[in-house]
Amino acid sequence: QLQLVESGGGSVQPADSLRLSCAASGRTFSSFVVGWFRQAPGKEREFVAAISWSGGSTYYADSLKGRFTISREIAKNTVALQMDSLKPEDTAVYYCAAKWSTLVAGSKAYAYWGQGTQVTVSS
């Protein structure tokens with residue numbers, strides 16, 4: 001069984017940056033595709049970004065390209081999400097998730113989920 005734990009959330013001001021981290025335990029993390037999702041109050045969970053097991057391929061939500069960067073730190077068994085130029089509309093609970101095989105955006109394809117970390121962007 002794969003366990004995922006997110007960290008790095010917090011409260012920041014608009015235009016600030018945050019770096020989220022997803023740490024894995026229980027299984028070899030490097031075998032999985034890892035994705036980040038977010039859910040704002042009253043809204044559905046939405047796809048943010050995903051990275052292949054090797055780190056060689058990435059996939060982003062169109063609206064977030066250029067501001068968010070996903071990366072894989074294989075030696076640390078973690079996946080990071082660097083978020084720059086944050087906006088109030090980025091406020092949400094951010095989740096990391098893992099799945100086998102291909103990079104996809106659909107949350108239902110991901111079998112393993114963390115508990116989430118809150119990101120609040122407000123002046």
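Just to be sure before I move on: is Leu4 within 18 Å of Ser122 (Cα to Cα), touching a strand residue (DSSP E or B) at 6+ places or on another chain (Cβ under 7 Å), surrounded by 12 or more Cβ atoms within 10 Å (Cβ to Cβ) and aliphatic (A, V, I, L, M) in the structure I sent? Spelling it out, it is not the case that Leu4 is within 18 Å of Ser122 (Cα to Cα), touching a strand residue (DSSP E or B) at 6+ places or on another chain (Cβ under 7 Å), surrounded by 12 or more Cβ atoms within 10 Å (Cβ to Cβ) and aliphatic (A, V, I, L, M). Inspect all residues belonging to segment 25-32 and state whether any of them is surrounded by 14 or more Cβ atoms within 10 Å (Cβ to Cβ), at negative phi and within 15 Å of the chain's Cα centre (by Cα). Yes, segment 25-32 contains a residue that is surrounded by 14 or more Cβ atoms within 10 Å (Cβ to Cβ), at negative phi and within 15 Å of the chain's Cα centre (by Cα). With the structure loaded, tell me whether Arg67 is open to solvent by 50 Å² or more (accessible area, probe 1.4 Å) and over 12 Å from the mean Cα position of the chain (by Cα) or whether it fails that test. Judged against the criteria, Arg67 is not a match. When segment 1-53 is filtered for residues that are among the small types (Gly, Ala, Ser) and without any contact (Cβ under 8 Å) to a residue 12 or more places away in the chain, only Gly42 remains.
Look through segment 71-123, keep the residues that are of a type in the set (Ser, Thr, Tyr) and either part of a loop (DSSP other than H, G, I, E, B) or open to solvent by 50 Å² or more (accessible area, probe 1.4 Å) (or both), and return whichever of them is farthest from Gly35 (Cα to Cα). Quick ask: steps written out before the conclusion?
Step one: of segment 71-123, the residues of a type in the set (Ser, Thr, Tyr) are 71, 78, 85, 91, 94-95, 101-102, 107, 110, 112, 117, 120, 122-123.
Applying the additional criterion that residues be either part of a loop (DSSP other than H, G, I, E, B) or open to solvent by 50 Å² or more (accessible area, probe 1.4 Å) (or both) yields 85, 91, 101-102, 110, 122-123.
Details: Ser85: 21, Thr91: 18, Ser101: 12, Thr102: 11, Tyr110: 8, Ser122: 25, Ser123: 28 Å.
Ranking the candidates gives Ser123 first.
The values are calculated or read from the model by the stated rules, or taken from the named source; none is laboratory data. Bear in mind the structure is a predicted one, so any value in this text is a computation, not a measurement. Backbone-built Cβ (ideal geometry, glycine too); neighbour counts: all protein chains shown. Side chains included, ligands, DNA and RNA excluded: accessible areas come from the protein's heavy atoms. Shrake-Rupley method; radii C 1.70, N 1.55, O 1.52, S 1.80 Å.
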